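The values are calculated or read from the model by the stated rules, or taken from the named source; none is laboratory data. Note that the structure is predicted; figures quoted are calculated from it, not measured. Positions of Cβ are generated from backbone atoms using ideal geometry, with glycine treated the same way; all protein chains shown enter the neighbour counts.
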Amino acid sequence: MKAVTEREGSVQPATRKKKKKGFWATFKEQKILYGMSLPFIIVVFIFSYLPIWGWLMAFQSYRPGRSVFEQKWVGFDHFVALFTDEKFYLVLRNTLAMSFMGLIVGFTIPILFAVLLNELRGSVFKRTVQTISYLPHFVSWVVVAGIVTKMLSVDGGAVNQLLLWLGIIDQPIQFMAQGSWFWYIVTGSDLWKEMGWNAIIYLAAISGIDQEQFEAAKVDGASRIRQIWHITIPSIAPTIAILLIMSIGHLISIGFEKQFLLGNPLVVDYSQVLDLYALNYGLGMGRFSFGTAIGMFNSIVSIILLLIANGVFKKFTKQSIM
Amino acid sequence: MARTKAAFKPSLSDRVFDIVNYTFMTLVMIVTLYPFLNVLAISLNDSVDTVRGGITIWPRQFTFENYVQIFQYEGLLTGAKITVLRTLAGTLLGLLSGTMLGYVLSRVDFQGRKFMSTFLALTMYFSGGMIPVFILIRDLNMMNTFLVYIIPGMVSAFNVFVIRSFIDGLPYSLQESAKLDGANDFTIYYRIILPLCKPVLATIALFLAVGQWNSWFDTYLYNGSAPHLTTLQFELMKVLQSTQGQQSGMMTGQNMAEIVKQVSPESIKMAITIVVTVPILIVYPFLQRYFVKGMTLGAVKS
C-alpha cells in the first residue's frame with residue numbers, strides 16, 4: 001500500500017485538485033489492465049451469473065422459445081409440488097446419507113493416513129506409498145466406476161473371490177444389485193479415489209512441526225502413539241478445523257457423478273440424489289421449471305450450511321474463511 | 001540411564017506400532033494398485049480366454065489383439081482426437097485467464113481490484129444449477145459445438161486466487177524497475193511475471209489438463225448427439241454402462257457399445273479403460289513435487 005500512495009503522489013502534482021482522480025481518468029490510465037481482465041470477467045458473468053437469472057423459471061411454467069417475460073407465472077407451485085412429492089424425501093434422505101457418510105469417512109481417514117504415513121521411517125518406502133496413493137485421484141469417475149463394478153462383480157470380482165477364499169461367505173454377494181450396499185459402495189469408492197490426495201494438505205502441515213518437540217518427547221520416553229496424540233494431532237488441529245468447515249459448506253452439493261455412474265435401475269431408491277433427480281425430471285422429462293426449483297433448493301441449503309459453519313468457526317477462532 | 005536407553009532402543013509398543021503401520025501401508029498399496037494391474041492383465045489377455053475368469057495380475061494368453069481391435073472403432077479415434085484437442089485448448093485458455101486475472105488482481109493500484117475479486121470469489125459458493133446453465137448454453141447456440149468444452153469453464157476462481165497469491169509472494173521491486181524502464185503493464189506480465197510463475201503454472205496446468213481429460217458429462221449433456229465431437233471418457237462410459245443394462249434410453253442402434261458387446265465384452269472394455277487412463281498416469285509422477293506445493297498454497301490462501 002505504501003508504494004501505491006507514494007506513486008500516486010508523484011503522478012499527481014500538488015497544484016491539482018485534492019480530490020482523487022476520476023474513475024474514467026484512472027480507467028484510461030489502466031486500460032491495459034482492464035483489457036487483460038474484462039474479457040474474462042464477462043465470460044464469468046455470462047456463465048456463472050446469468051444462470052441465476054434462470055432461477056425465475058422456478059416460479060414460472062417454462063415453455064421453450066419464449067423470453068423470460070412472456071412465461072406464465074405460477075408462484076410457488078413447483079415448490080409445493082416438490083415438497084409434496086414423496087420421491088423428494090427419498091432423494092433428500094439419500095443425499096444427506098451419502099453426504100454425511102462421505103464427510104465422516106472422507107474427512108477422518110485421510111488425517112489418519114497422513115499421520116501414519118509420517119511415522120514411516122524408510123523414506124523410499126514412504127515416498128512410494130505416497131505416490132501410489134495419489135494415483136486414483138487422477139483417474140476419471142468413469143474409470144473408477146468401471147473398476148469398482150469389476151472388483152465387486154459376482155462372477156470373478158476380486159472382493160467376492162477374497163471373501164469366498166477366506167470362508168467368510170459361501171456364495172458371492174450381489175453388491176451392485178442390492179440397494180442396501182449402495183451408500184457404502186459410493187463412500188468406499190470415494191475413499192479409495194481421494195484418500196491419498198486429501199492427505200497432502202495434512203502431510204504439509206505435519207512437516208511444519210518443530211522436530212525438537214518429538215526429540216524431547218522421545219527423551220522423556222513417550223511412545224509413538226503418545227507422540228502422535230500429544231504433538232502431531234494438536235499441531236495440525238487448525239488445518240483440520242478449516243478443512244472441516246469447508247467440507248460442511250459443500251455437504252449437500254455432493255454432485256451426482258458417482259451416483260450416476262455406479263447406480264443402476266435395481267438400486268434407484270438408494271442412488272437417486274438431488275442433482276440426479278433434477279437431471280431426470282428437469283431434462284429427461286422436459287420439466288425445466290420443476291428441475292430448476294430442485295436446483296434452487298440445493299443451492300440455498302448449501303449457502304445456509306456454509307454460513308452456519310462459517311459463523312461457528314468465527315465464534316471459536318475469530319477468523320473467517322469467506 | 002533408563003531414559004537414554006529408551007530413546008535409542010524402540011520399546012515393545014513402538015515395535016508393534018511399526019509392524020501394524022507397515023502392514024497397513026502395504027495393504028493400502030495393494031488395494032490401490034491391484035485393480036489397475038488386474039485391468040491391465042485382462043486387457044492383454046485373449047478375449048475368448050478371459051471369459052473363463054480367474055485372471056489376476058498376469059495375462060494367461062498374452063495378446064495385443066484387443067488393442068488392435070479397439071483402434072478400428074470410429075468413436076474411439078474421434079474421441080481420442082477431440083479429447084487431445086480439448087485438453088490442449090482448455091489448458092491453454094485456463095492458464096491464460098488464470099495468469100492474466102491473477103496478475104491484474106495482484107496489482108494493488110488497480111481500481112477494479114476489489115470489485116473483480118469479490119465478483120470472482122462469489123462464484124465459488126453458488127451456481128445457477130444444471131438446468132438454467134443448460135438452457136443458457138442452448139440459447140447461446142453452443143449445443144453440438146466444440147466451444148462448449150472450453151468456454152463455459154474457462155475461468156476458475158480457485159486457480160486465479162492460487163496464482164494471485166503466488167504473484168503476491170514475488171518481490172514487487174522487479175515490477176517497479178521494469179516500469180521505470182518504460183515497460184507497460186502487459187510487458188511486465190509477459191516478460192517478468194509469467195517466467196517467474198512457472199512452478200505454480202505447472203500445478204495449475206496439471207489440474208486443468210486432468211479436468212479436461214476426465215470430463216464426460218458435458219459431452220453427455222450437450223454433445224451426445226454429435227458423434228464428431230465425442231470424447232474418450234464418454235465413449236468409455238457408453239461401453240461400460242451398456243453391460244449394466246442402464247441408460248438404455250440413450251443407446252442408439254449401431255453405436256460402439258453394441259458392437260463391442262457383440263465382439264467380446266471384458267477384455268475390450270479393459271483395453272479401452274487402459275487407453276483412456278494411461279496418458280494421465282504417465283504424466284503425474286513427474287509433476288508430483290509441483291502439485292504438492294500448489295495444493296498447499298491453494299488451501300492455505302483460500
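Picking from B:THR78, B:THR91, which residue would you name as being of a type in the set (Val, Ile, Thr) and farther than 30 Å from B:LEU170 by Cα? Explain how you work it out, then say what you get.
On the way: B:THR91 fails: farther than 30 Å from B:LEU170 by Cα.
On inspection, the qualifying residue turns out to be B:THR78.
Could you give every pair whose Cβ atoms fall below 6 Å, whose first residue belongs to segment A:173-190 and is within 18 Å of A:VAL91 (Cβ to Cβ), and whose second residue is among the charged types (D, E, K, R), counting only separations of at least 6 or pairs across chains?
Matching pairs, first to second residue: A:GLY179/A:ASP269; A:VAL186/A:LYS258.
Of the conditions (1) more than 12 Å from every other protein chain (Cβ to nearest Cβ); (2) in a helix (DSSP H, G or I); (3) farther than 17 Å from A:GLY282 by Cβ, A:GLY75 satisfies every one except a single condition; which number is it?
(2)
Would you check if there is a residue in segment A:261-269 being in a helix (DSSP H, G or I), more than 30 Å from A:ALA205 (Cα to Cα), at pLDDT 85 or above and touching a Gly at 6+ places or on another chain (Cβ under 6 Å)?
Yes, because at least one residue in segment A:261-269 is in a helix (DSSP H, G or I), more than 30 Å from A:ALA205 (Cα to Cα), at pLDDT 85 or above and touching a Gly at 6+ places or on another chain (Cβ under 6 Å).
Please note which helices (runs of 4 or more DSSP H) are completely contained in segment B:63-167 and include at least 3 residues that are not β-branched (Val, Ile, Thr).
B:65-70, B:74-106, B:113-122, B:130-139
How many residues are in a helix (DSSP H, G or I), in contact with a Phe, Trp or Tyr (Cβ under 8 Å, 6 or more places away or on another chain) and more than 11 Å from chain B (Cβ to nearest Cβ) if we restrict to segment A:228-257?
7
Among (1) free of Cβ contacts under 8 Å to residues at least 12 places away in the same chain; (2) more than 10 Å from chain A (Cβ to nearest Cβ), there is one condition B:ASN66 misses while meeting the rest; what is its number?
Unmet for B:ASN66, out of (1) free of Cβ contacts under 8 Å to residues at least 12 places away in the same chain; (2) more than 10 Å from chain A (Cβ to nearest Cβ): (1).
State yes or no: is B:ARG138 charged (D, E, K, R), surrounded by 17 or more Cβ atoms within 10 Å (Cβ to Cβ) and more than 19 Å from B:ALA209 (Cβ to Cβ)? Write out each step before concluding.
On the way: charged (D, E, K, R): yes; surrounded by 17 or more Cβ atoms within 10 Å (Cβ to Cβ): no; more than 19 Å from B:ALA209 (Cβ to Cβ): yes.
Considered against the rule, which asks whether it is charged (D, E, K, R), surrounded by 17 or more Cβ atoms within 10 Å (Cβ to Cβ) and more than 19 Å from B:ALA209 (Cβ to Cβ), B:ARG138 comes out as no.
Check whether at least one residue in segment B:191-210 is at pLDDT 90 or above, assigned to a helix (DSSP H, G or I) and touching a Phe, Trp or Tyr at 6+ places or on another chain (Cβ under 7 Å), and report yes or no.
Yes; the residues of segment B:191-210 include at least one that is at pLDDT 90 or above, assigned to a helix (DSSP H, G or I) and touching a Phe, Trp or Tyr at 6+ places or on another chain (Cβ under 7 Å).
So for segment B:160-174 (the condition being under 27 Å from the mean Cα position of the chain (by Cα), within 11 Å of another protein chain (Cβ to nearest Cβ) and modelled with pLDDT of 90 or more), does at least one residue qualify?
Yes, there is a match, as at least one residue in segment B:160-174 is under 27 Å from the mean Cα position of the chain (by Cα), within 11 Å of another protein chain (Cβ to nearest Cβ) and modelled with pLDDT of 90 or more.
Would you pick out the residues in segment A:81-109 that are farther than 19 Å from A:LYS193 by Cα and either touching a strand residue (DSSP E or B) at 6+ places or on another chain (Cβ under 8 Å) or β-branched (Val, Ile, Thr) (or both)?
A:THR84, A:VAL91, A:THR95
Could you give me the residue pairs with C-beta distances under 6 Å whose first residue belongs to segment A:40-57 and is more than 7 Å from every other protein chain (Cβ to nearest Cβ), whose second residue is not in a helix (DSSP H, G or I) wherever it lies, and which are 6+ apart or on separate chains?
Taking only residues 6 or more apart or on different chains, the pairs are A:LEU56/A:VAL68.
I want to confirm something. Restricting to segment B:186-214 and keeping residues that are at the interface with chain A (Cβ under 9 Å from one of its Cβ atoms) and in contact (Cβ under 8 Å) with a residue 60 or more places away in the chain, which single residue is nearest to the chain's Cα centre (by Cα)?
The extreme case among them is B:VAL210.
Scan B:VAL51, B:VAL16 and give me the residue that is more than 13 Å from A:MET151 (Cα to Cα) and free of Cβ contacts under 8 Å to residues at least 24 places away in the same chain.
Criteria check complete, one pass: B:VAL16.
What number goes with the only condition from (1) more than 20 Å from A:LYS87 (Cβ to Cβ); (2) of a type in the set (Val, Ile, Thr); (3) within 12 Å of chain B (Cβ to nearest Cβ); (4) within 24 Å of the chain's Cα centre (by Cα) that A:ILE225 does not pass?
The single condition A:ILE225 does not satisfy is (4).
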